[in-house]
Amino acid sequence: KAVVDLGASLAALRRQFAAAHEPELALVAGLHQAQYLGPWWLRRGGPLGVALLGMPGWAGKRFAGAEPGARADALEGCNLRRAGGQLVASLPMTARVEGSVTDGRRAIVATYPPDAPWPWRSVRDELRPVAADTLLCLSFGFPLLSGGLPFLLIRRA
């Protein structure tokens, strides 16, 4: 059985996010492939919407790991997009463990710098593990959208 029903309703995905385990920051280190979730209209329209907001070909995220033995309170990363058959770094971000806007419980929260293009400077991606290699994510801060837009991040070697 799949960890997450890709076509689940937004309400069901938000409930699953709320029920997911609280994470450790190290879970986000590495390369993660993105997968769109939710009702058909969101899975089909998501890539176009992200492209219109300045990130065509969005494919996932990558975060640098902490130095061995170091205790990091933040990890630097970037979004990844496909361009010409290659993964290209796009839009830097920083991940920290903070309280979620959905329920106050701990989540990995990725935010963009204040000088990032609109609307990314106000976007907040919240991540929680639903399997050893899978993070269920809700993205907040997009105009006219509330409640968090869901997506998956799946760890890749």
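The values are calculated or read from the model by the stated rules, or taken from the named source; none is laboratory data. Note that the coordinates shown come from a computational prediction; the quantities given were computed from them, not determined experimentally. Cβ coordinates were reconstructed from backbone atoms using ideal geometry, including for glycine residues, and neighbour counts include every protein chain displayed. All accessible areas refer to the heavy atoms of the entire protein, side chains included, with ligands and DNA or RNA removed. Shrake-Rupley method; radii C 1.70, N 1.55, O 1.52, S 1.80 Å.
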Taking region 118-148 and keeping only residues that are of a type in the set (Gly, Ala, Ser), assigned to a loop (DSSP other than H, G, I, E, B) and either under 16 Å from Leu91 (Cα atoms) or without any contact (Cβ under 8 Å) to a residue 40 or more places away in the chain (or both), one is left with Ala132, Gly141, Ser146
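Quickly run through region 114-138 and pick out the residues that are in contact with a strand residue (DSSP E or B) (Cβ under 7 Å, 6 or more places away or on another chain), closer than 18 Å to Glu76 by Cα and either open to solvent by less than 40 Å² (accessible area, probe 1.4 Å) or of a type in the set (Ser, Thr, Tyr) (or both).
Hits for region 114-138 are Ala116, Trp120, Val123, Asp125, Glu126, Leu127, Arg128, Leu135, Cys137.
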Taking region 15-50 and keeping residues crowded, with 17+ Cβ neighbours inside 10 Å and in contact with a Ser or Thr (Cβ under 7 Å, 6 or more places away or on another chain) leaves Phe17
Among the residues of region 51-62, which ones are in a loop (DSSP other than H, G, I, E, B) and open to solvent by 30 Å² or more (accessible area, probe 1.4 Å)? Leu53, Gly54, Pro56, Gly57
Counting only residues that are in a helix (DSSP H, G or I) and within 20 Å of Thr134 (Cα to Cα), how many does region 1-41 have? 14
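Residues checked against (1) aromatic (Phe, Trp, Tyr); (2) under 21 Å from Val101 (Cα atoms):
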{"site": "Ala18", "(1), (2)": "no, yes"}
{"site": "Pro23", "(1), (2)": "no, yes"}
{"site": "Ala29", "(1), (2)": "no, no"}
{"site": "Gln33", "(1), (2)": "no, no"}
{"site": "Gly45", "(1), (2)": "no, no"}
{"site": "Ala51", "(1), (2)": "no, no"}
{"site": "Phe63", "(1), (2)": "yes, no"}
{"site": "Cys78", "(1), (2)": "no, no"}
{"site": "Arg81", "(1), (2)": "no, no"}
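In this structure, does Arg121 turn out to be at pLDDT below 95, in contact with an Asp or Glu (Cβ under 8 Å, 6 or more places away or on another chain) and charged (D, E, K, R)? Steps first, answer last, please.
Details: at pLDDT below 95: yes; in contact with an Asp or Glu (Cβ under 8 Å, 6 or more places away or on another chain): yes; charged (D, E, K, R): yes.
It is true that Arg121 is at pLDDT below 95, in contact with an Asp or Glu (Cβ under 8 Å, 6 or more places away or on another chain) and charged (D, E, K, R).
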May I ask you to list the residues in region 100-115 that are touching a helix residue (DSSP H, G or I) at 6+ places or on another chain (Cβ under 9 Å) and in a loop (DSSP other than H, G, I, E, B)? Ser100, Thr102, Asp103, Arg105, Tyr112, Pro113, Pro114, Asp115
With the structure loaded, tell me whether Leu80 is touching a helix residue (DSSP H, G or I) at 6+ places or on another chain (Cβ under 8 Å), of a type in the set (A, V, I, L, M, F, W, C) and closer than 20 Å to Thr134 by Cα or whether it fails that test. no
